[in-house]
Amino acid sequence: MRLMTFNLRFATPIDGPNEWEYRKELVVEIILAHGPHLLGTQEGTVPQLEYLAAHLPRYQPLIGHRQIDRTCQYPTIFYREDLFTAAESGEFWLSETPAVHRSKSWDSAFPRMVTYGLFQETGRELWFYFLDTHLDHISAPARLNGARMIREHFFPLQRPMILVGDFNEPPESPVYQEFLNPSSPLQDSWRSLHPPGVEATSQHDFDGCLRGSRIDWILLSSPFKVKEAFMVTDNLNGRYPSDHFPYAVEVEY
């Protein structure tokens, strides 16, 4: 099973030649070239998500539960509808009032959320949660409290799970420790294949030149076993689909 997390970079004219209109076709090409069975995107505005839904054959956005608001940037799950059944879906805001639309707390710069689905692959018995989130880029308390909300909601369900997203913190950070500690069911897909000290970077400035650290993660529980994990650095003559590299993982179970 192939998984991908992909911060799309929201559509804004301040990006000039890297604005969404000039890279949207490349985004689609790269997704289709790598063929993730489950894809979690971040920062997508409604027009961006509508474009992907229209141009990704066989992919279905998991949004039936969603209150559509064209002012929002949404973490969004796309899944291969020919390969998976989704029995349940939902989302909540990472705030002290999670059911209140666009609510935010702890000095978060933007409203943040987690979206999820309960999936079963065709021909398999296992049901598992696939979660997608984007934690705040400014407020450390908002990131930590958002991570804690996700952990406290999903860990007690005792279902296999895959958590993807842009966590806006590097490995070994407080958020990382919230999800990955001796009592956690999750493992870091990158670390499962690469020892400490062998790291990657998931950000750049639309030029492929590395900056920052590995803030885009795919975390997963048993019975998923990681076979391959890599940053997708595909580009078209030096043009990149986003200011983040997509991160892709191959798992078996």
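The values are calculated or read from the model by the stated rules, or taken from the named source; none is laboratory data. Nothing here was measured: the structure is a model prediction, and the numbers come from that model. Cβ sites come from the backbone with ideal geometry, for glycine too, and all protein chains shown count toward neighbours.
Of all residues in segment 97-121, none that is more than 17 Å from VAL164 (Cα to Cα) and free of Cβ contacts under 8 Å to residues at least 24 places away in the same chain has its Cβ atom under 6 Å from the Cβ atom of a residue that is among the aliphatic types (A, V, I, L, M) and surrounded by fewer than 19 Cβ atoms within 10 Å (Cβ to Cβ), 6 or more apart or on another chain. Reported count of residues in segment 177-216, each being out of contact with any His (no Cβ under 8 Å at 6 or more places or on another chain), free of Cβ contacts under 8 Å to residues at least 24 places away in the same chain and not in a loop (DSSP other than H, G, I, E, B), is 2.
Scanning segment 159-179 for residues that are out of contact with any strand residue (DSSP E or B) (no Cβ under 6 Å at 6 or more places or on another chain) and not acidic (Asp, Glu) turns up ASN168, PRO170, PRO171, SER173, PRO174, VAL175, TYR176, GLN177.
Only one of LEU8, LEU49, LEU62, LEU38 is under 17 Å from the mean Cα position of the chain (by Cα) and over 26 Å from VAL100 (Cα atoms); which? Just one listed residue meets the conditions, LEU38.
Residues in segment 167-176 that are assigned to a loop (DSSP other than H, G, I, E, B) and within 18 Å of VAL114 (Cα to Cα): PHE167, ASN168, GLU169.
Take the conditions (1) over 15 Å from PHE92 (Cβ atoms); (2) out of contact with any strand residue (DSSP E or B) (no Cβ under 8 Å at 6 or more places or on another chain); ARG151 misses just one of them, which is (1).
Cβ separations smaller than 9 Å between residues 6+ apart or across chains give the following pairs from segment 127-148 residues that are under 12 Å from ASP166 (Cβ atoms) to residues that are surrounded by fewer than 17 Cβ atoms within 10 Å (Cβ to Cβ) and aliphatic (A, V, I, L, M): ASP136/ALA109; HIS137/ALA109. Report whether or not LEU118 is within 25 Å of ARG2 (Cα to Cα), among the aliphatic types (A, V, I, L, M) and surrounded by fewer than 17 Cβ atoms within 10 Å (Cβ to Cβ). So LEU118 fails the test.
Here is a yes/no grid of residues against (1) touching a Phe, Trp or Tyr at 6+ places or on another chain (Cβ under 6 Å); (2) part of a helix (DSSP H, G or I):
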| position | (1), (2) |
| --- | --- |
| THR133 | no, no |
| ILE138 | no, no |
| PRO141 | yes, yes |
| GLU152 | no, yes |
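Note on segment 85-123: residues that are among the polar types (S, T, N, Q) and touching a His at 6+ places or on another chain (Cβ under 8 Å) amount to 1.
Selection within segment 69-93: residues that are among the acidic types (Asp, Glu) and in a strand (DSSP E or B). The member of this set that is modelled with the highest pLDDT is GLU91. Number of residues in segment 38-52 that are surrounded by fewer than 21 Cβ atoms within 10 Å (Cβ to Cβ) and either hydroxyl-bearing (Ser, Thr, Tyr) or at pLDDT below 95 (or both): the value is 2.
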